[in-house]
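The values are calculated or read from the model by the stated rules, or taken from the named source; none is laboratory data. Here the structure is a predicted model, which is why all the values come from computation and not from measurement. Because the Cβ atoms are built from the backbone with ideal geometry, glycine has one as well, and the counts that use them run over all protein chains shown. Each accessible area value is taken on the protein alone, full model and side chains, heavy atoms only, with ligands, DNA and RNA left out. Shrake-Rupley method; radii C 1.70, N 1.55, O 1.52, S 1.80 Å.
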Amino acid sequence: MIDQFNRKIEYVRISVTDRCNLRCRYCMPEHGVFKLAHEDILTFEEILTVVKIFAALGIRKIRLTGGEPLLRRNIVELVRNIKSVDGIEKVAITTNGVLLDKMVDALIEAGLDSINLSLDTLNKKIFNQITRRPMFEAVVSSLHKIIAANCEVKINCVPIVGLNDADIIELVSLARDNDIKVRFIELMPIGCASIYKGIPMSAIRNSIEEVYGHLMPLSKDELQGPAEYFSLRGFVGRIGFIDAIDHKFCSHCNRVRLTSDGFLKLCLNSQIGLDVKSLLRSGVSENILMDEMRRAIYNKPQEHHFENNVDKTKMYQVGG
Ligand code: SAM
Ligand code: SF4
């Protein structure tokens, strides 16, 4: 559907849990993580009802995220059910990879089209330092598995001063022989991240070019989202950059979010949205729910204000 600023909204990111098996320093605190009560998290039936309404409103792509989405029991069946909804063309997942190794085949068989693996370093010591959990081997094993699998793969790295500065070039090298996308994402200064400093994308580009030569820009496709992609001479894969703050892409934003407790969040950096869970559980008809969702999406805010850091968003509750 088209919103008040003439943007075509066709992509929803659904957080299926606020739980996580890592504690990345820039995302979650080590202790005292607030957890939603189980009954406050949308059931799969509720998620599916909402996905059907999204599809009727013109949504074509769903991404499952979290917390860590693979911690949610029966996630494979959720993928299968979402993929079978009329109008949904693409189902993707964003995961830290800890549990992915053993689930990849089943997820792809269920219809998963695309996997985003969050990986900030290929250095075990740095990995353990960033994530505060000794899960490096499990993630690397998942990395190998998905590279060999029949689905789209994107590796997402958030470069942070003093954490993974030295690991960028090695991550880029993954795209040399593998048909995958290695993407660098600007750190958003929210929650636990506010004490860190993201490395500017311009600096990342410069260090890549120093080692691998000129980054050659590629044209965009429709559901690609905000990333800008480049090729490098001799590389099979692609390198991508997402700098939400330095280069605001709000005027082209095509997405909304559904939090694990059922709030339709219209912009990552805004509390404006719709309490879908309360409506669902109050027993309103699907037509009324659809009208409310249509109205909410139509009113999606014009742009984010991360530069003022006005929102209390926690990434692990919204899913990035
Ligand atoms: N646990 C899953 C994972 O890590 O892929 C999914 C949820 S996680 C919140 C989604 C993405 O958000 C990860 O790639 C993570 O690196 C990114 N992220 C978390 N905090 C961030 C921040 N402050 N700025 C930019 N990206 C962030
Ligand atoms: Fe968990 Fe993902 Fe946040 Fe890391 S980035 S703590 S894996 S939710």
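Hull surface divided by four, with the convex hull built on the Cα atoms of segment 143-279: how many nm²? Approximately 10.3 nm², given one-decimal rounding.
At q = 0.08, 0.09, 0.10, 0.16 Å⁻¹, work out log10 I(q)/I(0) for segment 11-318 with the Debye formula, treating every Cα as an identical point scatterer and leaving solvent out; two decimals please. Debye intensities relative to I(0), on a log10 scale: -0.34, -0.43, -0.54, -1.51.
Largest first and in whole Å, the equivalent-ellipsoid semi-axes of segment 50-137 read 29, 13, 10, each the square root of five times a Cα gyration tensor eigenvalue.
Treating each Cα of segment 137-214 as one equal point scatterer and applying the Debye formula with no solvent, the log10 of I(q)/I(0) at q = 0.22 Å⁻¹ comes out as -1.08. Among the trypsin sites (Lys or Arg not before Pro) found in segment 1-81, those both in a DSSP coil and sparsely packed, with 16 or fewer other Cβ atoms within 10 Å of their Cβ, are K35, R73. Measuring nothing but protein heavy atoms, the accessible surface of the chain at 1.4 Å probe radius is 51 percent carbon and sulfur.
With a cap of 11 neighbouring Cβ atoms within 10 Å, and only residues DSSP puts in a loop, list the chymotrypsin sites (Phe, Trp or Tyr not before Pro) found in segment 8-49. Don't jump to the answer; show the numbers that get you there.
Numbers: sites: Y11, Y26, F34, F44; in loops: Y26, F34.
Of the chymotrypsin sites (Phe, Trp or Tyr not before Pro), the ones in loops of segment 8-49 whose Cβ has at most 11 other Cβ atoms within 10 Å are F34.
Per residue, the accessible area of segment 11-318 comes to 44 Å² when a 1.4 Å probe rolls over the protein heavy atoms.
Among the trypsin sites (Lys or Arg not before Pro) within segment 100-130, which fall in a DSSP loop and have no more than 14 other Cβ atoms within 10 Å of their own Cβ?
Passing sites in segment 100-130 are K102.
Legend note: in the chain, cysteines whose Cβ sits 4.7 Å or more from every other cysteine Cβ are C20, C151, C157, C192, C250, C253, C267. Over the residues of the chain, the helix contribution to mean residue ellipticity at 222 nm works out to -8500 deg cm²/dmol, using -39500 (n - 2.57) for each DSSP H run of at least 4.
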